[in-house]
Ligand code: NAD
């Protein structure tokens, strides 16, 4: 029978990549559940402002470190979440070799740390392991369609190799590993400059700039609000017994990119028009998670509808752009 761990004791949890978009929301949630959190981050794409609300919290600590180097933590750890990896194409392609090393060598270092501490381990993998999928929607059983020599390979193949490492460690009985395959996630604290579709469109609309759609806009994506994803990650870390298989976490609602742009335009009073640019190399045509496994194993499914999540995200970007706007000279 499936049982779930109960948050009956305070755990010490390391969140690698904890200063990033998803990681910082995960740190908030774990602190909220009464745990002690060590946020380990190189700040390559993460930002101190994301973890500012936790800065002086007695159960929160930040360690600046690149996971490619050996990691030593001098107190017992119960759990490790590995979210450390740049996630948007302009960032992961800026130094593709480091991205690949982060996924492979970095995940290896964190797995070694987990083994030494007897800590449970969750790997943040990605729907990109499915590449440009020939199966739709994507189930975990699909092996993927990835170009191993293209400009996205540093990320896609890095994450695939990291999954292989995780399952080897699990089969060897060294570490209790769980693997989440995360689909497009959005929400407050996304970077305005990270080139992801949701943040791009919102920032362009708020700035009155033309909204860029790559290709004809008929390509589809699914969008998961960040709080839903964080709930799924925590559920996967805590579920017993270990599913011993990757679990898709994403929102199965499927929208065209053109449809998303229209939703943004309806939410932001703007005169912006839509401009089309060529599709990036190896850009997937369709993306939608099959979340049957997450429902069955975790009892998890997303709860925040796209319209609601988008409107919260628009409000956050509007405030953050206003706060960071250069002061007007009188
Ligand atoms: P992000 O770039 O905001 O966060 C990644 C964090 O990892 C940053 O704080 C960055 O500084 C840190 N980092 C990167 N390389 C590191 C290294 N070598 N050592 C230490 N820290 C390092 O990205 P995100 O959107 O929050 O994504 C978090 C994780 O979730 C990533 O592993 C990503 O692959 C995965 N993921 C995210 C999405 C999404 O839609 N956001 C989708 C699929 C998978």
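Given the structure, is residue 158 within 17 Å of the chain's Cα centre (by Cα) and either within 16 Å of the ligand (Cβ to nearest atom) or at positive phi (or both)?
Considered against the rule, which asks whether it is within 17 Å of the chain's Cα centre (by Cα) and either within 16 Å of the ligand (Cβ to nearest atom) or at positive phi (or both), residue 158 comes out as yes.
Taking segment 1-41, which residues are at pLDDT below 95 and out of contact with any strand residue (DSSP E or B) (no Cβ under 8 Å at 6 or more places or on another chain)?
Result: 1, 6, 7, 8, 9.
If residue 11 passes every condition in (1) free of Cβ contacts under 8 Å to residues at least 40 places away in the same chain; (2) surrounded by 13 or more Cβ atoms within 10 Å (Cβ to Cβ); (3) more than 16 Å from the ligand (Cβ to nearest atom) but one, which one does it miss?
Residue 11 satisfies every listed condition except (1).
Please list, ordered by residue number, the helices (runs of 4 or more DSSP H) wholly in segment 199-314 having 3 or more residues that are within 16 Å of the ligand (Cβ to nearest atom) and closer than 30 Å to residue 143 by Cβ.
226-238
For residue 171, indicate whether it is farther than 28 Å from residue 203 by Cβ and touching a strand residue (DSSP E or B) at 6+ places or on another chain (Cβ under 8 Å).
No, not satisfied.
Pick from 80, 97: which is in a helix (DSSP H, G or I) and more than 9 Å from the ligand (Cβ to nearest atom)?
97
Tell me which of these residue 161 doesn't satisfy, since it passes every other one: (1) touching a helix residue (DSSP H, G or I) at 6+ places or on another chain (Cβ under 6 Å); (2) surrounded by fewer than 18 Cβ atoms within 10 Å (Cβ to Cβ); (3) part of a loop (DSSP other than H, G, I, E, B); (4) at pLDDT 95 or above.
Just one mismatch for residue 161, condition (3).
Please determine, by comparing only the residues of segment 165-185 that are within 13 Å of the ligand (Cβ to nearest atom) and assigned to a loop (DSSP other than H, G, I, E, B), which one is surrounded by the fewest Cβ atoms within 10 Å (Cβ to Cβ).
184
Only residues that are part of a strand (DSSP E or B), within 21 Å of residue 116 (Cα to Cα) and more than 9 Å from the ligand (Cβ to nearest atom): list them for segment 40-77, please.
Within segment 40-77, 61, 62, 63 qualify.
Checking residue 140 against (1) within 14 Å of the ligand (Cβ to nearest atom); (2) surrounded by fewer than 22 Cβ atoms within 10 Å (Cβ to Cβ), only one condition comes out false. Which one?
(1)
Can residue 237 be described as surrounded by 13 or more Cβ atoms within 10 Å (Cβ to Cβ) and in contact with a strand residue (DSSP E or B) (Cβ under 7 Å, 6 or more places away or on another chain)?
The answer is yes for residue 237.
Here's a check for you: in segment 23-36, which residue that is within 14 Å of the ligand (Cβ to nearest atom) and surrounded by 24 or more Cβ atoms within 10 Å (Cβ to Cβ) is farthest from residue 80 (Cα to Cα)?
24
Restricting attention to segment 288-309, which residues are closer than 27 Å to residue 268 by Cβ, surrounded by 14 or more Cβ atoms within 10 Å (Cβ to Cβ) and out of contact with any helix residue (DSSP H, G or I) (no Cβ under 6 Å at 6 or more places or on another chain)?
If the condition is that a residue be closer than 27 Å to residue 268 by Cβ, surrounded by 14 or more Cβ atoms within 10 Å (Cβ to Cβ) and out of contact with any helix residue (DSSP H, G or I) (no Cβ under 6 Å at 6 or more places or on another chain), then 288, 306, 309 are the ones that fit.
Only one of 114, 153, 124 is crowded, with 18+ Cβ neighbours inside 10 Å and within 11 Å of the ligand (Cβ to nearest atom); which?
Every option except 124 fails the conditions.
The values are calculated or read from the model by the stated rules, or taken from the named source; none is laboratory data. Only a predicted model underlies this, so the values are computations on that prediction, with no experimental measurement involved. For neighbour counting, all protein chains shown are included, and Cβ atoms are generated from backbone atoms with ideal geometry for every residue, glycine included.
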